[in-house]
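The values are calculated or read from the model by the stated rules, or taken from the named source; none is laboratory data. Keep in mind the model is a prediction, meaning the values are calculated, not measured. We place every Cβ from the backbone using ideal geometry, glycine too, and count neighbours over all the protein chains shown. In case anyone asks, the SASA skips ligands and DNA or RNA and just uses the protein heavy atoms, side chains included. Shrake-Rupley method; radii C 1.70, N 1.55, O 1.52, S 1.80 Å.
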Amino acid sequence: MGTFVAEIFVDSMPLTASNFLDLARNGFYDGLHFHRVIPGFMDQFGCPFTRDPLSPRAGTGGPPPGSTFVNLATGESIRRSADGTIPDEHTARISNAPGTLSMANTGQKDSGGSQFFINVGQNAFLDWFSPGRSQHPVFGKVVQGYDLIVRISKVPTQADRPLEPITVQSIVIT
């Protein structure tokens, strides 16, 4: 459907940003599909099971268990858990505003891995520092092509899954 550019917040969210950049550099996201899009809310992406856009497991997968990546701010090697997740990073108080990239999770502590969403609405109720159970740290922001993100959120869906698969061909890190 097009191209967008995002800034990744390595300085303020080094763990989450480094995890994302490692997966992107290693081609983890290439060929995956957006599996959940909701107008006025968000577009969700990053589950490896969406390589098959009709997979009933879409939205349940993550990175390889026990794999490692380097925290780009500290140089420290970080090991993903036995289920591929990383520790929650509750440091920078960046709100889930339109255009921001935020770590998806199951609602349980330390359950984020590869899935993230791009906010298309003001979703401050998802901030890790807001009252309530949802705690989704923001680690980036769309700086070019936000109109594409909004268009993706408005495609026809069934149970929030796009009827026509939307594939991410590749993520390029510059």
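For region 55-70, a residue qualifies if it is open to solvent by 10 Å² or more (accessible area, probe 1.4 Å) and in contact (Cβ under 8 Å) with a residue 40 or more places away in the chain, and the qualifying residues are Ala58, Gly59, Gly61, Gly62, Val70.
Restricted to region 133-149, and to residues there that are open to solvent by 40 Å² or more (accessible area, probe 1.4 Å) and touching a residue at least 24 places away in the same chain (Cβ under 8 Å), the residue that is nearest to Phe117 (Cα to Cα) is Lys141. If the condition is being out of contact with any strand residue (DSSP E or B) (no Cβ under 7 Å at 6 or more places or on another chain) and touching a residue at least 12 places away in the same chain (Cβ under 8 Å), then region 96-109 contributes Gly107, Lys109. Being closer than 15 Å to Val5 by Cα, in a loop (DSSP other than H, G, I, E, B) and not hydroxyl-bearing (Ser, Thr, Tyr) is a property that does not hold for Gln108. Please work out which residue is most open to solvent (accessible area, probe 1.4 Å), limiting yourself to region 85-98 and to residues that are in contact with a helix residue (DSSP H, G or I) (Cβ under 9 Å, 6 or more places away or on another chain) and in a loop (DSSP other than H, G, I, E, B). Only one residue fits best here, namely Thr91. Pairing residues of region 152-174 that are farther than 20 Å from Gly99 by Cα with residues that are in a loop (DSSP other than H, G, I, E, B) and open to solvent by 100 Å² or more (accessible area, probe 1.4 Å), at Cβ distances under 8 Å and at least 6 apart in sequence or on separate chains, gives Pro156/Leu163; Pro156/Glu164; Thr157/Leu163. Restricting attention to region 34-65, the residues that are touching a Ser or Thr at 6+ places or on another chain (Cβ under 6 Å) and on the phi < 0 side of the Ramachandran plot total 8. When the criteria are applied in full, Gln115 fails the requirement of being surrounded by 14 or more Cβ atoms within 10 Å (Cβ to Cβ) and at pLDDT below 95. Restricting to region 150-164, name every residue that is on the phi < 0 side of the Ramachandran plot and either open to solvent by 70 Å² or more (accessible area, probe 1.4 Å) or of a type in the set (Ser, Thr, Tyr) (or both). Once the filter is applied, which keeps residues that are on the phi < 0 side of the Ramachandran plot and either open to solvent by 70 Å² or more (accessible area, probe 1.4 Å) or of a type in the set (Ser, Thr, Tyr) (or both), region 150-164 yields Arg151, Ser153, Lys154, Pro156, Thr157, Gln158, Leu163, Glu164. The combined condition, being among the hydrophobic types (A, V, I, L, M, F, W, C), closer than 22 Å to Glu7 by Cα and either open to solvent by 40 Å² or more (accessible area, probe 1.4 Å) or assigned to a loop (DSSP other than H, G, I, E, B) (or both), is not fulfilled by Leu101. Quick one: is Arg80 basic (Lys, Arg) and open to solvent by less than 50 Å² (accessible area, probe 1.4 Å)? Taking the combined requirement at face value, the residue satisfies it. Of the residues making up region 28-54, those that are open to solvent by 20 Å² or more (accessible area, probe 1.4 Å) and over 18 Å from Pro156 (Cα atoms) are Phe28, Asp30, Gly31, Pro48, Phe49, Arg51, Asp52.
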